[in-house]
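Have a look at the structure below before the remarks.
The values are calculated or read from the model by the stated rules, or taken from the named source; none is laboratory data. Only a predicted model underlies this, so the values are computations on that prediction, with no experimental measurement involved. Note that each Cβ is placed from the backbone with ideal geometry, even for glycine, and that neighbours are counted across all protein chains shown.
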Amino acid sequence: MNKDFKIPPKSKKLLTSSETLASYFSEIIGQAFTITGKTRTDGSNVRKLIASVIEKQKLPEMAEPGQFEIVPPKAKGVPKITREFVDTYIVTSGTSYNLQVWNRIPAADTLLIKYESGESLKCTDVRFVFVRIDSDKNNIASIVILTPEY
């Protein structure tokens, strides 16, 4: 995954809309994806796949060092794909995984990134990308983007 994805956008206003992200991800529905059974590996593979789709598009302008501060210690709760403020999750129809959302208080106004301009990104700004894997067909069955408002 592109290391620049860990740097937030220059402004919250530059984030790509959830509707636009959904249209980007439609290209990988039906694509082969095999579950290894290793949760960290599968999670990383889904994150890399989503990142590769985002990377093909025009990314929000990156914030410069000194323009922002990551507030939580060790960046706990900050999405891995910080540039678009998205977190990825695997959903299966079988017994392979039970959905767990760690380091996340979605409905809270907890401050994650503070900009020198006074803007901020909070837990309520994270977009959750749920990738449903059909474990019988070994492919991506659907992708849903949710926000804490849901």
Being surrounded by 13 or more Cβ atoms within 10 Å (Cβ to Cβ) and either acidic (Asp, Glu) or touching a Ser or Thr at 6+ places or on another chain (Cβ under 9 Å) (or both) is the filter here; which residues of the range 58-67 pass it? Leu59, Pro60, Ala63, Gln67
Considering Gly77, Gly66, which residue is modelled with pLDDT of 90 or more, on the phi > 0 side of the Ramachandran plot and part of a loop (DSSP other than H, G, I, E, B)? Gly66
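Mind checking which residues of the range 92-128 are acidic (Asp, Glu), surrounded by fewer than 13 Cβ atoms within 10 Å (Cβ to Cβ) and at pLDDT 90 or above?
Keep residues of the range 92-128 that are acidic (Asp, Glu), which gives 109, 116, 119, 125.
Now restrict to residues that are surrounded by fewer than 13 Cβ atoms within 10 Å (Cβ to Cβ): 109, 116.
Across the range 92-128, the qualifying residue is only Glu116.
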For Pro72, state whether it is over 11 Å from the mean Cα position of the chain (by Cα), within 21 Å of Thr147 (Cβ to Cβ) and surrounded by fewer than 16 Cβ atoms within 10 Å (Cβ to Cβ). yes
Pick from Val46, Val144: which is at pLDDT 90 or above and in a helix (DSSP H, G or I)? Val46
Can you name the number of the only condition in (1) of a type outside the set (A, V, I, L, M); (2) surrounded by 18 or more Cβ atoms within 10 Å (Cβ to Cβ); (3) touching a helix residue (DSSP H, G or I) at 6+ places or on another chain (Cβ under 8 Å) that Lys12 fails? (2)
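Looking at Thr36, is it in contact with a helix residue (DSSP H, G or I) (Cβ under 7 Å, 6 or more places away or on another chain) and farther than 22 Å from Thr147 by Cα?
In short, yes.
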For Lys48: the one exception among (1) within 13 Å of the chain's Cα centre (by Cα); (2) crowded, with 17+ Cβ neighbours inside 10 Å: (2)
